[in-house]
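S.K.: Here's a structure for you.
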Amino acid sequence: MTKLTSQEIIDLNKEYTFYSWSNQGQVNPIPMVKAEGPYFWDADGKRYLDFASQLVNTNVGHQHPKVIKAIQEQAAELTFAAPGMATEPRGLLGKKLAEITPGDLKKTFFTLGGAEANENAIKIARFYTGRHKILARYRSYHGATHGAMALTGDYRRLPAEPAISGVVHFLDPYCYRCPFGWTKETCHRECISHVEEVIQHEGPDQIAAIFLEGVTGTNGLIIPPDEYWPRMREICDKYGILLISDEVMSGWGRTGEWFAVDHWNVVPDIITTAKGITSGYVPLGAVIVREKIAKFFDDKMLYAGLTYSGHALACATALATIEAYEEDGIFENAKKVGKYLGARLEELKVKHLSVGDVRYIGMFSALELVKNRETKEPMDLTALKNFMVENGVYVFNFKNILFVVPPLVITEEQLEEGLILLDEGLAELMDKQVV
């Protein structure tokens, strides 16, 4: 195969393909050609430390040999079977998901990604409850398809409206910028009581489900107070509402546990997931439901279908990825290195006045940068992001929030490469803007 130059790769991609969430004339993609572990390389041979795990999904790192081998072996035997078929990898993966998910979550509907998982969770919740309304948070992202985008609370939803009907949003447990005006010292968890008030206004008997990210991802890595998830479970049980945890980003060891809700010992009625289930090697998503919901469809039609549901190659990839998580001690590494990362972020917060807040759980972390710690005025991160990428550390941000979410296999030494550069960038570019 002819090797294209760096510029030829970029030109072809920009001329003939669309880029997500972008003004197409302003995109400047990296011509990525190979990767290994926590690193990837461009067509000119420049190495980057992947501080973003691409899109917070390459949890086992790039080109993990166990996963690559499983893909090759499955591709040689059976790549695709129609969704009405039974295959070994599909059955084994379904069984494995029942074992690693909390409580009595048992049966899985397979999709190709997180947005499709949430689309089908909406339908399943409405079928099961006979109710129409869905509640979700404002600072949330659940996917870019029509129903998932309706669930999404952030600015990306607005240009896509009108979307599906029946979605109602409520405020978030965002302690750093409490929407109710409290401080950590004065807080009385209005972020929880507020949800029940919204339920009363909307009619408890009309609400099918509440969608929550296990830990809010791209909207700022918002880690809820410890009582938040248990109280959401109590509220949902009180009104017969299904509790759905979107673990697309926060699942698969990203927080140090299989799923973020495991930190609070909560059993959701449905878990939706994708990303780390295959570490992005092959597209796959899943809707995993409790046994009572599964049994509901034993004698009722499940009006859901996808050509690639239960894809043999994807399911085999997921099994190998889960095997790597378990056999290689990847979650243990995420916890160990995650503690080191958290301590280092706290050091950066003390050292740099531009760092207003740091948030971290496992290998899921972010810094919120501000011009003034009192006013919390957000800071533009364009210069810092460009500095990091130009110097070989790939990062992503959401507004004034910079994420540090490397592959879970990263070592402390490799992590330090990026943190040293971040320290330098904060000093040279961000601190000077503080007023």
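S.K.: Is there any pair with a first residue in region 221-234 that is in contact (Cβ under 8 Å) with a residue 60 or more places away in the chain and farther than 25 Å from residue 290 by Cα and a second that is assigned to a loop (DSSP other than H, G, I, E, B) and not hydrophobic (A, V, I, L, M, F, W, C) whose Cβ atoms are under 7 Å apart and which are 6 or more apart or on different chains, and what are they?
M.R.: 222/139; 222/172; 222/173; 222/174
S.K.: Next up: May I ask you to list pairs of residues, at least six apart or on different chains, whose Cβ atoms are under 9 Å apart, with the first in region 186-199 being assigned by TED's automatic domain parsing to the domain that holds residue 168 and the second being among the acidic types (Asp, Glu) and modelled with pLDDT of 95 or more?
M.R.: 189/227; 191/172; 192/227
S.K.: Step by step: first the residues of region 387-411, then only those that are in a helix (DSSP H, G or I) and more than 23 Å from the chain's Cα centre (by Cα), then the one that is surrounded by the fewest Cβ atoms within 10 Å (Cβ to Cβ). Which residue is that?
M.R.: Within region 387-411, the match that is surrounded by the fewest Cβ atoms within 10 Å (Cβ to Cβ) is 390.
S.K.: Taking region 127-174 only, how many residues are part of a helix (DSSP H, G or I), in contact (Cβ under 8 Å) with a residue 24 or more places away in the chain and more than 20 Å from residue 247 (Cα to Cα)?
M.R.: Of the residues in that region, 3 qualify.
S.K.: Continuing with this model, one more query. For residue 86, are the conditions met, namely being of a type outside the set (D, E, K, R), modelled with pLDDT of 95 or more and in contact with a strand residue (DSSP E or B) (Cβ under 6 Å, 6 or more places away or on another chain)?
M.R.: So residue 86 does not fit the description; no.
S.K.: Further question: In the set 51, 18, 40, which member is farther than 30 Å from residue 420 by Cα, at pLDDT 95 or above and not charged (D, E, K, R)?
M.R.: 18
S.K.: Taking into account only those residues within region 211-251 that are aromatic (Phe, Trp, Tyr) and under 20 Å from the mean Cα position of the chain (by Cα), which is nearest to residue 263 (Cα to Cα)?
M.R.: Going through the qualifying residues, I end up with 229.
S.K.: Can residue 207 be described as over 27 Å from residue 57 (Cα atoms) and either surrounded by 15 or more Cβ atoms within 10 Å (Cβ to Cβ) or at pLDDT 95 or above (or both)?
M.R.: Considered against the rule, which asks whether it is over 27 Å from residue 57 (Cα atoms) and either surrounded by 15 or more Cβ atoms within 10 Å (Cβ to Cβ) or at pLDDT 95 or above (or both), residue 207 comes out as yes.
S.K.: While we're here: For region 210-260, how many residues meet the condition of being closer than 16 Å to residue 362 by Cα and aromatic (Phe, Trp, Tyr)?
M.R.: Counting residues in region 210-260 that are closer than 16 Å to residue 362 by Cα and aromatic (Phe, Trp, Tyr) gives 3.
S.K.: Please go through region 279-300 and give me each residue that is over 13 Å from the mean Cα position of the chain (by Cα) and surrounded by 24 or more Cβ atoms within 10 Å (Cβ to Cβ), ordered by number.
M.R.: 284, 286, 287, 288, 289
S.K.: Does region 83-105 contain any residue that is of a type in the set (Val, Ile, Thr), closer than 30 Å to residue 361 by Cβ and crowded, with 19+ Cβ neighbours inside 10 Å?
M.R.: yes
The values are calculated or read from the model by the stated rules, or taken from the named source; none is laboratory data. Since the structure is predicted, the reported quantities are computational estimates derived from the model, not experimental observations. Reconstructed Cβ throughout: ideal geometry from the backbone, glycine too, with neighbour counts over all protein chains shown.
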